[in-house]
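> Once you've had a glance at the structure underneath, I'll fire off some questions.
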Amino acid sequence: MSPLAAAMNMSISPRPDAALVSVIAATVTGHAVLYLGACDEVIIRAALEGCDITTPVLALTTEAQHCERLRDAVPDDLRLSIHHQDAVSFLADVERHRFGFMIIDGSAARQLPLALTLLAPAGVAVGLGTLALPPPSGERIVCPVTMPGIAWIVSRRARAAPRRRGGRRVRHSL
């Protein structure tokens, strides 16, 4: 069964933003999920519900009460890693990593340009609430969304695979 078909069969939350997060999380393979901001427990549960059992979900919040609320809401899921740290220092710590799916809410608006640099090729980022559109870029596709709870969706272009012709390696760029 494909990840999208599996996501459609799940008990998806009645909130449209959580349902979208769950479906997108089901398509993420090989990369971690990052949630920056206030960390809504409904969105975290939807991301965990959509991900497979090997995909780690990192939740970063700058407020201690959000960490406690998340630990109480999702106490036994080993895939969830909750971090209480300044967003700039956290993103600097994980700058070598790439994330297949990012969830960013309005409280992390200042870190948006830095966070989007950590998006993996073909990765997807979702802006929650009334978060302003990210700046345009040659390697990102930005799409505003008219859905309750979702402001925009960004996808990073996939890199073209190198092709072999006559024993030479030719790289194609987008």
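The values are calculated or read from the model by the stated rules, or taken from the named source; none is laboratory data. Note that the structure is a prediction, hence the values are computed from the model and not measured. Because the Cβ atoms are built from the backbone with ideal geometry, glycine has one as well, and the counts that use them run over all protein chains shown.
> So SER107 fits all but one of (1) surrounded by fewer than 21 Cβ atoms within 10 Å (Cβ to Cβ); (2) under 20 Å from ILE150 (Cβ atoms); (3) in contact with a Pro (Cβ under 8 Å, 6 or more places away or on another chain); what number is the exception?
Of (1) surrounded by fewer than 21 Cβ atoms within 10 Å (Cβ to Cβ); (2) under 20 Å from ILE150 (Cβ atoms); (3) in contact with a Pro (Cβ under 8 Å, 6 or more places away or on another chain), only one is false for SER107: (3).
> Next question, about the same structure. Can you find a residue that is of a type in the set (Val, Ile, Thr) and at pLDDT 85 or above anywhere in segment 56-68? Talk me through it step by step, then tell me what you get.
Our first condition is that a residue be of a type in the set (Val, Ile, Thr); within segment 56-68, this holds for 57, 61-62.
If we keep only those that are at pLDDT 85 or above as well, we get 57, 61.
Scanning segment 56-68, I find at least one residue that is of a type in the set (Val, Ile, Thr) and at pLDDT 85 or above, so the answer is yes.
> Could you please find all residues in segment 68-85 being in a helix (DSSP H, G or I) and either surrounded by fewer than 17 Cβ atoms within 10 Å (Cβ to Cβ) or among the aromatic types (Phe, Trp, Tyr) (or both)?
Initial filter on segment 68-85 (in a helix (DSSP H, G or I)): 68-73.
Of everything in segment 68-85, those that are in a helix (DSSP H, G or I) and either surrounded by fewer than 17 Cβ atoms within 10 Å (Cβ to Cβ) or among the aromatic types (Phe, Trp, Tyr) (or both) turn out to be GLU68, ARG71, ASP72, ALA73.
> Right, something else. Name the residue, out of THR146, THR130, that is in a strand (DSSP E or B), among the polar types (S, T, N, Q) and within 23 Å of PRO14 (Cα to Cα).
Values: THR130 fails: in a strand (DSSP E or B).
Being in a strand (DSSP E or B), among the polar types (S, T, N, Q) and within 23 Å of PRO14 (Cα to Cα) holds for just one of THR146, THR130, which is THR146.
Conditions tested, residue by residue: (1) crowded, with 18+ Cβ neighbours inside 10 Å; (2) more than 17 Å from the chain's Cα centre (by Cα); (3) modelled with pLDDT of 90 or more.
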| residue | (1), (2), (3) |
| --- | --- |
| ARG96 | no, no, yes |
| CYS143 | no, no, no |
| PRO148 | no, yes, no |
| ARG159 | no, yes, no |
| ARG168 | no, yes, no |
| LEU174 | no, yes, no |
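> Filter segment 50-61 down to residues that are surrounded by fewer than 20 Cβ atoms within 10 Å (Cβ to Cβ), out of contact with any Leu (no Cβ under 7 Å at 6 or more places or on another chain) and closer than 18 Å to ILE104 by Cα, then give me how many there are. Before you say what the answer is, go through the steps one by one.
Here is the first cut: in segment 50-61, the residues surrounded by fewer than 20 Cβ atoms within 10 Å (Cβ to Cβ) are 52-54, 56, 58.
Going one step further and asking which of them are out of contact with any Leu (no Cβ under 7 Å at 6 or more places or on another chain), we end up with 52-54, 56.
Applying the additional criterion that residues be closer than 18 Å to ILE104 by Cα yields 56.
Final tally of qualifying residues: 1.
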